Amino acid sequence: MLNRIITGIMLSVIFLAALFFLPLIYISFIFSIISLYGFYEWLKISGESSSSILFNLIMMIILMLLLIYYHSHSTVILLTYISLFIWIIIPFDMLYDSKLYKKLLKSKPSLVGLYMILSAWFLLISLGSTSETSVIEDNKYLLFSSTDSSIHMYLFFLVALISTTDTSGYFIGRFFGEEKLCQDISPNKTIIGLLGSLFIPIILFSLIYNYIFSIPILIEDLFFMLLCCIYCTYGDLFVSIFKRFFNVKDTGDILPGHGGVLDRLDSYLPTISIFQIWLFL
């Protein structure tokens, strides 16, 4: 647990330093490297050969460049709703055990990882591009090239919300949880841990916004915060099924106490689409 706490603190410090001292274009580049490494972990766990891993990484880089070149308002909205639709199907697949996800993992694991990670990356670097402040003359949107300070706030809030959700779920479940949530998928997850991950972030952020920033929290804000917290769990379970399918505990060991990069990205994969829709309103 100590390694987990120390690593978490170090990651938080690095993120805050990057967010407040680096230009947004450099932050988007860092996100790109992290996403590529996460996809590398996915391919490695899937049992892909070295040549196949190299081919898939090159394909992802090419697709990244194409998405940047053709980046537009309509592209962001289309991919957001496609991702949301897919992330609505996945929980039902888990709930009713239709095994669609497992069939895809068996037949096309690289394509599953490519879409999930690439779409999350694209929506993340497009964060805030749905707001009116980012519109430019040709009806396209600049990738993190805006000087609008609200993008920093979007990023900070997203990371803070997901981190609080993960942390509260982990510690509440570890110290108070007994009844397991889904033993076969994620043995360490408990029902009380899930409840903690849903309600502690909402209560905490509502108090901060109301009493520190004097910003009223609307019902729709509470609704979308709850959805983000729920989808954090979906992302965690999504990657847990992937790891169990290929009989591995962690996606890597680059982050002591946490595992691999993909172990930290799992909650972001579905949540970013919800966050983007929140910005549309």
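The values are calculated or read from the model by the stated rules, or taken from the named source; none is laboratory data. On a predicted model such as this, the values are computed, not experimentally measured, just so you know. Here the Cβ is made from the backbone with ideal geometry for all residues, glycine too, and neighbour counts use every protein chain on show.
Exactly one residue out of Phe39, Phe29, Phe92 is within 20 Å of Thr251 (Cα to Cα) and not aliphatic (A, V, I, L, M), and it is Phe39.
Look at the range 89-111: where a residue is more than 15 Å from Lys243 (Cα to Cα) and in a helix (DSSP H, G or I) and a partner is among the acidic types (Asp, Glu) and modelled with pLDDT under 75, sitting 6+ places away or on another chain with Cβ atoms under 6 Å, you get Leu100/Asp93.
Would you confirm, using the coordinates I've provided, whether Gly257 is touching a strand residue (DSSP E or B) at 6+ places or on another chain (Cβ under 8 Å) and not in a helix (DSSP H, G or I)? Taking the combined requirement at face value, the residue does not satisfy it. Would you check if Gly193 is touching a Ser or Thr at 6+ places or on another chain (Cβ under 6 Å) and modelled with pLDDT of 75 or more? Here the answer is no, as Gly193 does not meet what is asked. I need the full set of residues from the range 45-74 which are free of Cβ contacts under 8 Å to residues at least 12 places away in the same chain and not in a loop (DSSP other than H, G, I, E, B), in order please. Residues satisfying the conditions are Ser50, Ser51, Leu54, Phe55, Ile58, Ile62, Leu65, Leu66, Tyr69, Ser74. Number of residues in the range 247-267 that are of a type outside the set (S, T, N, Q), modelled with pLDDT of 85 or more and more than 19 Å from Phe31 (Cβ to Cβ): the value is 1. Taking each residue of the range 187-214 that is without any contact (Cβ under 8 Å) to a residue 24 or more places away in the chain and looking for partners that are aliphatic (A, V, I, L, M) and surrounded by fewer than 18 Cβ atoms within 10 Å (Cβ to Cβ) with beta-carbon atoms closer than 6 Å, six or more apart or interchain, yields Ser206/Ile217; Tyr209/Ile215; Tyr209/Ile217.
Sort out which residues of the range 112-144 are surrounded by 13 or more Cβ atoms within 10 Å (Cβ to Cβ), modelled with pLDDT under 75 and assigned to a loop (DSSP other than H, G, I, E, B), and write them in order of number.
Correct list: Gly128, Ser129, Thr130, Ser131, Lys140, Leu142, Leu143, Phe144.
Criterion applied to Lys180, Lys189 was being crowded, with 18+ Cβ neighbours inside 10 Å and among the basic types (Lys, Arg), and the one residue passing it is Lys189.
Would you call Ser52 touching a Lys or Arg at 6+ places or on another chain (Cβ under 6 Å) and either under 28 Å from Cys228 (Cα atoms) or loosely packed, with under 14 Cβ neighbours inside 10 Å (or both)? In short, no.
Scanning the range 156-169 for residues that are closer than 13 Å to Gly8 by Cβ and touching a helix residue (DSSP H, G or I) at 6+ places or on another chain (Cβ under 7 Å), we see that the one that is surrounded by the fewest Cβ atoms within 10 Å (Cβ to Cβ) is Val159.
If you go through the range 255-272 one residue at a time, do you hit one that is closer than 25 Å to Gly38 by Cβ and surrounded by fewer than 19 Cβ atoms within 10 Å (Cβ to Cβ)? Looking through the range 255-272, at least one residue is closer than 25 Å to Gly38 by Cβ and surrounded by fewer than 19 Cβ atoms within 10 Å (Cβ to Cβ).
Going through the range 184-233 one residue at a time, which ones are assigned to a loop (DSSP other than H, G, I, E, B) and either under 24 Å from Leu269 (Cα atoms) or of a type in the set (D, E, K, R) (or both)?
Pass one, the range 184-233, residues assigned to a loop (DSSP other than H, G, I, E, B): 184-185, 212-218.
If the condition is that a residue be assigned to a loop (DSSP other than H, G, I, E, B) and either under 24 Å from Leu269 (Cα atoms) or of a type in the set (D, E, K, R) (or both), then Asp184, Ile185 are the ones that fit.
Restricting Phe39, Phe31 to those that are surrounded by 11 or more Cβ atoms within 10 Å (Cβ to Cβ), in contact (Cβ under 8 Å) with a residue 24 or more places away in the chain, within 29 Å of Ser107 (Cβ to Cβ) and touching a helix residue (DSSP H, G or I) at 6+ places or on another chain (Cβ under 8 Å) reduces the list to Phe39.
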